[in-house]
Amino acid sequence: MREGEKEGVGFVICRKMIIGIDLRVLARGTRSGIEEYAINLLSRLLSLDKNVQFKLFCNAFKQVELNYDWLKLPNVELKKFYFPNRFIFDPAAKFLKLPKIDKLLGGCDAFLAPHFLLAPISRNCKKIITFHDLSFEYFPEFFPWRKRFWHVSLAPRARAREADKIIAVSQSTKEDLIDLYGVAEEKIRVIYSGVGEEFKPLLKQECQAAARKYNLPDNFILYFGTLEPRKNIVGLIKAYEIFRAKLLMSDINSLSPALILAGNKGWLYDEIFNAAKNSPYAGDIKFIGFIEPADKPQLFNLASLFVYPSFFEGFGFPPLEAMACGVPTITSHTSSFPEVVADSALMVDPYNYEEIAWAMQEVWLDANLKKSLMADGLERAKIFSWDKCARETLDCLIT
């Protein structure tokens with residue numbers, strides 16, 4: 001077989017290939033969607049082909065210790081640099097197009113950036129960038145001014161146009177790149193993210209440790225995600241109030257579920273806490289804060305219903321994770337949700353609190369609907385595999 005020939009759906013490399021990967025998204029130790037993407041992708045990608053050498057670039061004046069098994073692979077080399085990003089690296093990258101990261105790494109054939117950070121690359125090195133969403137273009141009001149300034153300074157339109165290839169995590173994001181940034185369609189490849197194997201149905205007794213740790217009630221509706229305006233949590237609280245009022249008026253005797261709001265505080269969270277505090281059902285609305293990653297599958301499995309009425313997502317991990325755990329799920333009908341959850345979850349208008357409340361009531365009172373959503377969600381979640389994501393990403397990098 002000649003170098004560069006395809007064999008079936010895979011790709012055979014007949015020479016040693018060097019791929020650089022930007023690890024700066026992991027330098028701060030946070031675990032948002034982009035960090036989850038990078039960690040899950042790299043844990044599969046780096047071991048796929050021994051003929052590929054990976055050089056990982058990590059830069060920050062202060063950075064957390066990276067402790068991942070995949071860093072110990074024989075074909076993986078981590079190179080750390082300690083330039084202050086805000087005051088030295090980013091200004092030099094933006095105005096001088098220096099330093100060339102591939103040169104810092106000792107040379108690369110291709111360079112993967114899991115986010116559109118400033119990353120100058122030599123002309124003879126292919127640059128591939130993953131775009132997760134363009135929510136900041138549609139809803140700038142959902143971001144603090146520092147974040148808006150950061151987006152402007154990074155110039156994502158320019159980053160998209162300078163890339164040789166773009167990985168979009170959904171068809172929705174691909175269409176946004178074409179419509180808003182004028183990116184050529186043929187340059188964009190949609191590669192869906194995956195759902196971790198740890199998200200699966202668990203027995204009740206397997207979840208009791210998390211139930212005690214977070215002091216969870218027996219019956220509850222769950223939201224999991226950052227507490228910030230874009231996630232529409234105030235809308236969820238209002239919908240929950242309508243749902244509880246309708247439950248009281250119904251002729252069907254049903255236990256009233258609590259509303260559990262899990263996740264870190266984002267920005268403008270005061271409005272969320274005030275909405276909960278002033279709710280007539282304040283006693284049944286509980287914030288449980290940060291969830292340890294190992295506890296997330298247990299938390300989902302304990303929930304009776306998962307509701308995620310976010311205004312906009314490029315992919316949206318929590319609904320899929322809930323579905324993979326066999327939890328009936330309600331989510332928005334906007335952005336990427338229709339292509340991700342399809343007809344395996346109830347989709348609602350995030351601006352219509354009555355509709356969200358109606359969906360909650362339907363699932364809560366209709367055992368057949370609940371059973372159907374659980375079964376359909378489990379099947380749908382199987383489509384999204386990190387192994388598949390890694391294979392398709394490698395193919396994009398080496399072709």
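Building the convex hull from the alpha-carbon atoms of region 32-179 and averaging its projection over directions returns 9.5 nm². In terms of its C-alpha gyration tensor, region 204-381 has a rounded overall shape, because the principal axis ratio a/c (a ≥ b ≥ c, square roots of the eigenvalues) stays below 1.5. FRET efficiency for the residue 123 to residue 197 pair, using the beta carbon distance and R₀ = 35 Å, is estimated at 0.30.
For the chain, relative contact order (Cα pairs under 8 Å, six or more residues apart, normalised by length) works out to 15 percent.
Grab the Cα-Cα distance for residue 62 and residue 375, subtract it from 0.36 nm times how many residues apart they are, and report the gain in nm with one decimal. Between residue 62 and residue 375, full extension yields 108.1 nm more.
For region 351-361, backbone phi angles converted through the Karplus equation (6.51, -1.76, 1.60; θ = phi - 60°) give residue-by-residue couplings of 8, 9, 5, 4, 5, 4, 4, 4, 5, 4, 5 Hz, Gly and Pro being listed as x. Phi angles of region 262-279 translate, via the Karplus equation with coefficients 6.51, -1.76, 1.60 and θ = phi - 60°, into HN-Hα couplings of 10, x, 6, 6, x, 10, 6, 6, 4, 4, 5, 5, 5, 4, 5, 4, 8, 6 Hz per residue; Gly and Pro are given as x. About its Cα centre, the dipole of the chain is roughly 1800 debye, where the only charges are +1 on Lys and Arg Cβ and -1 on Asp and Glu Cβ.
With a Förster radius of 30 Å applied to the C-beta separation of residue 149 and residue 351, the computed FRET efficiency comes to 0.60.
Extents of region 282-353, taken as max minus min of Cα coordinates on every principal axis and listed largest first, are 29, 28, 20 Å.
Ranking of 165, 127 by neighbouring Cβ atoms within 10 Å, starting from the fewest: 165, 127. Annotation: region 229-285 has a Kirkwood hydrodynamic radius of 12.2 angstrom, from the mean reciprocal C-alpha pair distance. Computing FRET efficiency as 1/(1 + (r/R0)^6) for residue 246 and residue 92, where r is the C-beta to C-beta distance and R0 is 41 Å, gives about 0.10. Return the label of the correct value of percent of Cα pairs over 33 Å apart, as calculated from the structure shown, out of (i) 25; (ii) 30; (iii) 35. Answer label, from the structure shown: (iii). Rg/Rh, computed from the Cα trace of region 106-153 with Rh as the Kirkwood radius, has the value 1.11.
Taken over region 42-116, the ratio of Cα radius of gyration to 2.2 N^0.38 Å equals 1.19.
Here the extension length gained between residue 218 and residue 17 equals 67.0 nm, from 0.36 nm per residue of separation less the Cα-Cα distance. Cα convex hull, region 319-399: 84 Å³ per residue, rounded to a whole number.
In this label model, residue 71 and residue 288 are separated by 3.0 nm, measuring between points 7 Å along each Cα→Cβ vector.
Every number here is computed from the coordinates shown, using simple stated rules; none is lab data. What you see is a predicted model; the values in this text were computed from it and never measured. Note that we place each Cβ from the backbone using ideal geometry, even for glycine, and neighbour counts take in every protein chain shown.
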